[in-house]
Amino acid sequence: MHPIWTLLRCVAVASLVFFIAAWASSASAQPRALMLASGDMLTLDGRLDEPAWQRAPLHERFGQYLPTDRQPPPAGYRTTVQVLAQDDALVVGVRAFDPSPEDIRAPLTRRDQVKRDQDFIAVIIDAVGDRRAAQFVRINAAGVIADGMYIAAGDTEDFAPDFDVEAAAVRLDDGYSVEVRLPFIALRYPHAGGAPWRLMVARSVPRASSTLLLSAPLTKDGLSFIAELQVIEGLEAAAERAREHSLLMLRPELTLRSARERNAGVLVKDETKASLGADIKWRPRADWVLDATLNPDFSQVELDAPQLAGNTRFALSVPEKRPFFLESTDVIDQPIDGFYSRSVTDPRYGLRATWRAPKADATALTLRDEGGGLVLRPGPFATELFAQDGASQATLLRARRHDGAFTSGALISDRDYGERGRNTVAGADVYWSPNAQDQWRARLLGSRTTAGFDVQGQAVRTAEERGHWLELRWNRRSDHWIVNADFDDIAPRFRNDNGFVEQAGVRRFEGELIRRWGEASALGMSAHEFETYLWTEQIVTRDDRSAGIAGGQTVARRWHPGLWFAGPRNSEGWLQLHLDAERVRPGGRLHPTRGAGAQIGWNPAPWFTRLTMELNVGDRVDVEADRLGRGADGFIEATVRGQIGGFGVESEQKLQAEFIERDGRRVLTDSAARWLGVLHLTARDSLRVVWQAARFRYAGDVALGVAPAREDMRTTSLVFQHRVGLGRNVSVGATRGTVEPGHQRKDEVFVKAALVL
């Protein structure tokens, strides 16, 4: 071995030994809480200057996770954590020292927009104590909050759930400090017999090296970001008292809405109405949470982003934003094909109960949906979409049992359309993590369906159809390798009307082999992380004689070798080849497609917080004509944050496009653009503008009997919002949408007000 490599290996081993020894030898390696007496006063202002903070133990053993793990923090970036326990809340105080405080990035942003381009503190807490899931709260140096859930199985980070937490931050001459108040009623934990609560604090320093510091000895070899959460010592008495705390919260909401619709200049709708609804949350004790929603107005104040859908036969999903569905999302623990809450469109009422024990948890919900939206009927080559205008009852029951590294679960999902039939899904799943490197997961769902659609697309009761979905998954992570493998067997008649199932009647294998190289330098660039990989997906049909589909036909075959890197300025990018093949109809030609793709994203400047660009070029299948052409698709997305005259400003813009050329002419053009601008008048008041446009052109082919098509859509939305905490807000807004051809126009003005009683 070359002497230089021997020396580098010795240095690396010595650094690792020193890092582990530092954690093991420190008396304060675990965070310790200080119990406050009833007379202790605490003001949540971010300053950490009350006497209680002077008595609270310091935890300051932070280690570097990004860009390079197993390293001490950079010089001057000392970080300390203190924990106080009140009668009804946990308060975490963090002091973030900074040798260049003038470089701290602390813009005013919307909730849940605290990203790695900002200086922030994150508090990750697992009140169940088993490190399967954890709630997190991020607070940037301006006091803006982002929150959500980490799920260990799959190592996912979900910003959709919002918790009723409080936080404050203050800028100092040598850095900043943060106070976070976590009410016990906002945390989820069992009533008795639970494990000690666990905590980790993270600190983001978005300078040239994009550093992330952690208060726990986590390394990049961990299967999840919450694998090393530490026990909070001295919290036993407070946690025990909190288990008996009860909560009853009533959140009434009043909506005034006026809407007009015109079609070809003719007024087809002119409606003004007032709607009173309410959300009720009752937690009789720690292990039970009961939710009810009555006549909710689930129309979104923030519009769903447009998506390119002109050259695909499969449905596209959109994320969930409605609070009723976001309670204890870790208990459902299902991908969207198991439960997709956006399948519920206009509920009259909804009821939900969630229960937690040390080794088990469960949730049940039922909603009366008044109709609207689409019902998916998947096949191997396309997703059929049908309008669902009648009322239905959507019900879900989910339960899990935890035994150490093994979790078993059951699921029952039902959509009852009354005399038009119903769809019922039942199944079981298991999750097993036998060691620190491997995760195994298996799931089997069976469906029974008597709800269908006639040739005119009307909902009718049909003869019973049955199907199943079998899924097997394996993930392995080691020092140098990551292996992901997923096998699905989906029967032709499998249906889940409470889920999002875009394809059925297929067997699918997805695999990924990743080689981790660590730090690397090439062509004058340095990467903190560098990986090469091979990703593949193989989809073949199952035999379905009644539909005229023979088994064994390749629907898609994809091989994507490539490389990925992460580097300075929070940069991340990939480059890959596309060695694919696609079939768009039964018995049709399997089109070989070759191409390449690349993506790069980074933080160009403190005010230019993100720029991401992607481009894919090569062969394209024109799915309507079933012909091969050449084309490209991609997007450019930019985010700008700053201050103008003392006001906070956010500007997010995205442009995406796709085109296909065949036989010397452009046959398809599909594009979408979105601009979102926010003016933060104060920390509570904001004015937001959203402009969206989509344009689709398809030339058609007379010889093939394929008709041309075109569509133009425009939407503009202006909303003023005053928000106090999580539950109190007032929104006033107006929206205009147009669609061509047809001269369709929809105008809406609304006022929404909610408060907490």
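Mind checking the alpha-carbon convex hull of region 28-242 and giving the volume per residue in Å³?
Details: hull volume 24.3 nm³, N = 215.
In region 28-242, the Cα hull volume divided by residue count equals 113 Å³.
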Name all residues of region 595-609 having a backbone nitrogen under 18 Å from the label point set 7 Å from the Cα of residue 520 along its Cα→Cβ direction, giving them as ranges. 597-601
Sort 509, 184 so that the residue with the fewest other Cβ atoms within 10 Å of its own Cβ comes first and the one with the most comes last. 509, 184
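Evaluate the charge dipole of region 157-239 about its Cα centre and quote only its size in Debye, nearest 20, assuming +1 on the Cβ of each Lys and Arg and -1 on the Cβ of each Asp and Glu.
160 debye
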With each label point set 7 Å from Cα along the Cα-Cβ vector, what nm distance links residue 41 and residue 244? 3.0 nm
Neighbourhood net charge (11 Å Cβ-Cβ; Lys/Arg +1, Asp/Glu -1) for residue 502: 0
Taking region 549-641, which trypsin sites (Lys or Arg not before Pro) meet the DSSP loop condition and have no more than 16 other C-beta atoms within 10 Å? 569, 589
Based solely on its DSSP helices, what 222 nm [θ] is calculated for the chain when runs of n ≥ 4 H residues each add -39,500 (n - 2.57) and the sum is averaged over all residues, nearest 500 deg cm²/dmol? -1500 deg cm²/dmol
Can you tell me the FRET efficiency between residue 274 and residue 357 if r is taken as the Cβ-Cβ distance and R0 is 41 Å, rounded to the nearest 0.05? 0.45
Cα-based reach from residue 359 at 17 Å (exclusive), listing aspartates and glutamates while leaving out same-chain residues under 8 positions away: 126, 130, 287, 330, 333, 403, 429
Please compute the net charge surrounding residue 241, taking Lys and Arg as +1 and Asp and Glu as -1 over other residues with Cβ under 14 Å from its Cβ. -3
Which whole-number percentage describes the relative contact order of the chain, with Cα contacts under 8 Å and a sequence gap of 6 or more? 9 percent
How many nm is it between the label spots at residue 596 and residue 689, if each spot is 7 Å from the Cα in line with the beta carbon? 4.0 nm
If one compares the long axis through the Cα atoms of helix 3-25 with the longest principal axis of the Cα atoms of the chain, the angle in degrees, nearest 10, works out at 70 degrees
Give the Debye-formula value of log10 I(q)/I(0) at each listed q (0.18 Å⁻¹), with one equal scatterer per alpha carbon of region 344-478, two decimals each. -1.08
For the pair residue 87 and residue 410, the simple spin-label estimate (label points 7 Å beyond Cα toward Cβ) gives in nm 4.2 nm
In whole Hz, with x marking every Gly and Pro, tabulate ³J(HN,Hα) for region 728-737 from phi via Karplus 6.51 cos²θ - 1.76 cosθ + 1.60, θ = phi - 60°. 9, 7, 10, 10, 10, x, 9, 9, 10, x
Among all the lysines, which ones have a C-alpha under 22 Å from residue 269's C-alpha, if same-chain residues fewer than 8 places away are not counted? 746, 752
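Bear in mind these aren't lab numbers, they're just calculated from the coordinates by the rules spelled out. On a predicted model such as this, the values are computed, not experimentally measured, just so you know. Virtual Cβ from ideal backbone geometry, glycine too; neighbours counted across all protein chains shown.
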